[in-house]
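Derivation of every value follows stated rules applied to the coordinates shown; laboratory data play no part. All of these numbers come straight from a predicted model, not from anything done at the bench. Note that each Cβ is placed from the backbone with ideal geometry, even for glycine, and that neighbours are counted across all protein chains shown.
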Amino acid sequence: MQQALIAVIGGSGLYQMESLQQATEHTLDTPYGQPSDVIVTGFLDDVPVAFLARHGRGHRLIPSEVPYRANIHALKQLGVRYLISMSAVGSLREEMKPLDMVLPDQFIDLTRHRDATFFGAGAVAHVSMAQPVCSSVSDALARAIAEVNLADATDAIDVHRGGTYVCIEGPQFSTQAESHWYRSMGADVIGMTNMPEAKLAREAQIAYATLAMVTDFDCWHPREAHVTAQLAMNNLFKNAERAQKIAAAAIRIIAREYPASIAHDALASALVTQPGAMSAATLRRLGAIIG
């Protein structure tokens, strides 16, 4: 099975990676069930890449149904060390407009019903999430956007580096009271899928960053339309072609450098239960994660 150091998880509206050559589908099993869909591997300028549609092709899974542990475990099986998450978000700030792109560097996790760790049941680890985003992968995305803008200045992308992504359970959108509350927390964008994805990527020692594509102003804005699924998807499809170009450019940048990341040795100071103290069943379950 083809290995890949770099992977892309496509969010709403992004169900395939058009630039992949020699695309091959893989159906993988994990100790946590099957991923959201087949994982597609292929090549981008001779760089092996893996792609996974977070909600499944045809968008069949609500955010709470996404098998986050299976998704990350399957990518880890393929050797992934760098992960680009492409995600639709609502804006909680006037300056972050629909069709803008944001590179968050912090998260607030307000999800309630999701399995958020590989550990437990015989193994304990406490990874640091103080810096939940890999700055090197996020920087590659920023440089990729600059390249895309340079190639087509008539359709320049406004990008915002840094910011806090608040992740809610969904699938319902926010009430106005909640939207104002998130703003008071200091959150900049709102979505439903980056948690526990980012936490699990860190436990799997995969460098993770998000390309957040703004589709709406949630429901706090006094003059703009309140978010609907149709509004969000319409704007996301407008950004889809640009997102494909950004992902391809970022992959090329990462492959030129394969930068070190704080994620790559996250378990060195986090693993409390040493492998020698784990049962054989626990070791089999965690083998791909702890190495």
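The distance between label points at Arg223 and Ala156 comes to 2.2 nm (points 7 Å beyond Cα on the Cα→Cβ vector). Straight Cα distances below 18 angstrom link Lys76 to the lysines Lys199, with same-chain residues fewer than 8 positions distant left out. Sorted from greatest to least, the principal axis extents spanned by the alpha carbons of the stretch 207-291 come out as 59, 34, 21 Å. In the stretch 52-96, which residues have a backbone nitrogen under 16 Å from the label point lying 7 Å from Ala280's Cα in the Cα-to-Cβ direction? Within reach of a label on Ala280: no residues.
Against the chain, whose longest principal axis is taken from its Cα atoms, helix 135-151 shows a tilt of about 40°.
Our estimate of slack between Arg143 and Gln34, defined as 0.36 nm per intervening residue step minus the Cα-Cα distance, is 35.9 nm.
For the stretch 46-181, what does the equivalent ellipsoid look like in terms of its semi-axes, each the square root of 5 times an eigenvalue of the Cα gyration tensor, given largest first in whole Å?
Three semi-axes, in Å: 27, 22, 16.
Report, in degrees rounded to the nearest 10, the 0 to 90 angle that the Cα long axis of helix 68-77 makes with the longest principal axis of the chain. Relative to the chain, helix 68-77 is tipped by roughly 60 degrees. When the alpha carbon coordinates of the chain are projected onto the principal axes, the ranges are 60, 44, 33 Å, largest first.
For Glu169 and Gln230, the FRET efficiency from 1/(1 + (r/R0)^6), where r spans their Cβ atoms and R0 equals 30 Å, is about 0.90. Computed over the chain, relative contact order equals 25 percent, with contacts defined as Cα pairs under 8 Å that lie 6+ residues apart. Taking 7 Å steps out from each Cα toward its Cβ at Phe237 and Gln176 produces label points 3.0 nm apart.
Against the chain, whose longest principal axis comes from its Cα atoms, helix 229-257 is set at around 50 degrees. At what distance in nm do the modelled label points of Glu65 and Gln16 sit from each other, each positioned 7 Å from its Cα along Cα→Cβ? Between Glu65 and Gln16, the label points sit 2.2 nm apart.
Which three numbers, in whole Å and largest first, are the semi-axes of the equivalent ellipsoid of the stretch 122-181 derived from its Cα gyration tensor as √(5λ)?
Result for the stretch 122-181: semi-axes of 31, 23, 10 Å.
The tail of the calculated P(r) for the stretch 1-126 beyond 20 Å holds 50 percent of all Cα-Cα pairs. With no solvent and one equal point scatterer per Cα, compute the Debye intensity ratio I(q)/I(0) for the stretch 149-264 at 0.14, 0.21 Å⁻¹ and report its log10, rounded to two decimals. Here the Debye-derived log intensity ratios amount to -0.76, -1.35.
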